[in-house]
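Working notes for the structure below.
Every number in this text was worked out from the coordinates using simple rules, so none of it is lab data. Since the model is a prediction, treat every value here as computed from it, not as a measurement. Here the Cβ positions follow ideal geometry from the backbone for every residue, glycine too, while neighbour counts run over all protein chains shown.
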Amino acid sequence: MSDTSPLSPLDEAAYHRLRTQLSGLPDRPPRPMASHHIVLRGMRFHYLEWGAPDAPPLLFLHGGGQTCHTWELVCDALADRYRCLALDQRGHGDSEWSYESDYSPQAHLGDIAAFIDALGLARPAIVGMSMGALNGLHVALSRPETVSALVTVDAGPWISIAGAGPIRDFMRTVSTLDQLDDFVATALRFNPQRDARLLRRSLLHNLRRRADGRLMWKTDLRQTTDLAVIESWMTSLRDRVAALACPLLVVRGGNSDVLSDGDAERFAAAVPDGRWVRIDSAGHAVQGDQPKALIAALETFLDTVPQCTPRVS
């Protein structure tokens, strides 16, 4: 077995059990998860799905450099009440790269809107982290009739762009390495609170092997990191955020350098129906650092959104 091949079903079960134990979640078999591909606007996209087709839909959008698999524990926990869909956004995971290197906000907006329309999702709640949070906010502002609620995880119109710098540097500094263990060691230096056993498995979804045998990120690193462009995008969102029509939950990782308490509070206060929560002992990727606390925050928030209330059978 190569070091980037999928694990056997037994290994998958052991991996799930280890993740739930370390996270303090119930020790039970994982709920069924389906992997799909769909063509949207001439590009092929990959997504994962849990839950009953007629349950209230939740759409999960990962952060930059991540894949839809980052949401596995969260979606598994919520799948008894919701239809959970996690999308690999363009240039990430097992979705296609843009031939035109178009990773603009409008390109992401078009993709997500097309995904919602193609699957016939009835006003899903969007849960987005980092890049996915900003893309979700853009969708909710541009197509308010299609979104029932929005959860932004450690991102918003007010963030520390400098605080996000180490994340971009990490991706580009280790763009190619020889062995999976090299990526694991580097990732642990970047985020020491992660478990090496879990990183070794989760990184399989983020890497592919090149023709020369070296490993590389699945993420298209041609995506812009121009600070002026990013700041312009933030300014545009700030100018529009008061028009957000759906309920909003802002989730902040207590140890994050990207979103401060003050900026989380400012974001929540800027919209008609906003609130925020800090999850302690979590960095920027709250869903990986403290999934149990994030699941609890999502459940509490979604229970207040009529469109997300599961029907009683």
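One table, with the values for the structure above:
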| item | result |
| --- | --- |
| Highest to lowest packing among 58-68, 290-300, 24-34, scored as the average C-beta count within 10 Å | 58-68, 290-300, 24-34 |
| Among beta bridges that DSSP assigns inside the range 9-305, antiparallel share in %, nearest 5 | 40 |
| Test item: Cα-centred dipole of the range 9-305, Lys/Arg +1 and Asp/Glu -1 on Cβ, debye | 300 |
| Over the chain, relative contact order from alpha-carbon pairs under 8 Å, at least 6 apart, % | 19 |
| Average Cα contact separation per residue, the range 1-112, under 8 Å, 6 or more apart, as relative contact order % | 22 |
| Spherically averaged projected area in nm², based on the convex hull that wraps the Cα atoms of the chain | 15.2 |
| Under-5 Å amide H pairs with Trp276, H placed in peptide plane, nonlocal only | Val250 |
| Choice from Glu100, Glu49, Glu72 with maximal GNM fluctuation in the chain (Cα, 10 Å cutoff) | Glu100 |
| Full-extension gain in nm, Glu299 to Ser281, via 0.36 nm per residue minus C-alpha separation | 4.5 nm |
| Cysteines not pairable in the chain (beta carbon separation under 4.7 Å absent) | Cys68, Cys246, Cys308 |
| log₁₀ of I(q)/I(0) at q = 0.19 Å⁻¹ - the range 37-175, Debye sum with one point per alpha carbon | -1.15 |
| Computed [θ] at 222 nm, deg cm²/dmol, the chain (DSSP H ≥ 4; -39,500 (n - 2.57); rounded to nearest 500) | -11500 deg cm²/dmol |
| Given charges at Cβ of Lys, Arg, Asp, Glu: the chain dipole, positive-most of Val127, Gly254, Pro53 | Pro53 |
